[in-house]
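The values are calculated or read from the model by the stated rules, or taken from the named source; none is laboratory data. Remember, it's a predicted structure, so these values are computed and weren't measured experimentally. These area figures cover heavy atoms from the full protein model, side chains too; ligands, DNA and RNA do not enter into them. Shrake-Rupley method; radii C 1.70, N 1.55, O 1.52, S 1.80 Å.
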Amino acid sequence: MKKDVYQEVTDRIISQLEKGIIPWHKPWITSHADQAISYSTGKPYSLLNQMILGRPGEYLTFNQVQQAGGRVKKGEKAGMVVFWKWLDVDDDQNPGEKKQVPFLKYFNVFHIDQCEGVKPRHEVTLTGEDETDADADAIITGYLQRSGVKLIHREGDRAFYKPSTDSVTLPLVAQFKDIAEYYSTAFHELTHSTGHESRLNRLAKCAFFGSEEYSKEELVAEIGAAALVNHAGLETAASFRNSAAYIQSWLKALRNDKRMIVSASGQAEKAVRLILGEDEAAA
């Protein structure tokens with residue numbers, strides 16, 4: 001039977017959520033030591049692969065293990081990494097228009113700790129602590145200058161992106177109990193702004209609250225914000241939500257759409273790269 005890669009990826013994410021783990025809230029980018037990387041290239045895997053592998057370190061295919069003169073330990077089970085590209089297909093809901101869908105292929109890989117006779121190839125050099133607030137501010141300022149998005153601070157209890165004015169509105173910084181919460185909220189709304197028609201053209205005009213498109217866009221913003229918070233070195237227990245209701249809401253959404261996590265993480269990857277001023281997405 002042909003492997004359903006979409007379902008396999010979704011099942012792995014669901015498995016983590018069922019254990020109370022929110023897979024997109026992990027240190028994917030904070031330091032090289034915290035990332036899952038390719039043994040052959042030393043490059044970190046994409047956000048989606050970081051989530052489904054769930055463990056930092058070097059990964060090899062079975063053939064790469066053999067070529068390195070090692071072997072996989074008896075009884076060890078392979079992990080999975082997926083590679084995708086975006087395909088233009090007909091949009092059934094909008095005749096005559098196209099939409100992008102991810103096309104997937106997968107490879108089985110083993111963590112280097114699951115192997116014998118293979119040594120890590122990529123040394124990790126950790127720098128001292130950065131001025132994390134300054135780093136986060138630099139990310140925001142750089143994106144605002146390149147994109148033209150307007151950032152408005154206003155005393156209140158709402159944070160939102162408004163496409164018609166291409167503006168993000170946030171409560172005052174002083175209203176947040178934790179500075180990481182402020183940046184997490186800011187990055188969430190800035191990720192939404194990347195979907196503007198002048199940028200990644202992702203925001204659906206009919207994406208009303210509770211719809212499938214709305215849920216997907218919220219997942220894009222969640223993953224994007226988590227990646228950016230980690231990139232700035234601001235991950236704290238207070239910088240994301242992990243309530244039972246929050247987890248259950250994503251379990252329901254993912255169970256209803258096996259393609260959602262793949263598509264949303266791919267869109268989040270694009271959004272993060274745009275915000276950071278980078279070009280290519282990792283595999």
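Taking a 25 Å limit on the Cα-Cα distance, which of the listed pairs K77/K258; K19/K252; K43/K216; K19/K177; K73/K119 fall beyond it? Present the calculation step by step, with values, prior to reporting the outcome.
Numbers: K77/K258 23 Å; K19/K252 15 Å; K43/K216 28 Å; K19/K177 28 Å; K73/K119 14 Å.
Those over the limit are K43/K216; K19/K177.
The heavy atoms of I247 present about 10 square angstrom of accessible area, all protein chains included, probe 1.4 Å. Here are a few candidate values for Rg/Rh (Cα atoms, Kirkwood Rh): [x] 0.97; [y] 1.19; [z] 1.04. Which one was actually calculated from the structure I just gave you? Checked against the structure: label [x]. Dividing the mean sequence gap of close Cα pairs (under 8 Å, 6+ apart) by how many residues the chain holds gives a relative contact order of 23 percent.
In the full protein context, the chain carries 54 Å² of accessible surface per residue, based on a 1.4 Å probe and ignoring ligands, DNA and RNA.
Express the carbon and sulfur contribution to the solvent-accessible surface of the chain as a percent, rounded to the nearest whole number, probe 1.4 angstrom.
Details: 7480 of 15360 Å².
Accessible surface attributable to carbon and sulfur in the chain totals 49 percent.
Which helices of the chain meet both criteria: a Cα extent of 20 Å or more along the helical axis and a mean Kyte-Doolittle score no lower than 1.6, with helices taken as whole DSSP H segments?
Numbers: long enough: 132-147 (22 Å, -0.26); 179-193 (21 Å, -0.29); 212-231 (28 Å, -0.15); 260-276 (24 Å, 0.88).
None pass (Cα extent of 20 Å or more, hydropathy at least 1.6).
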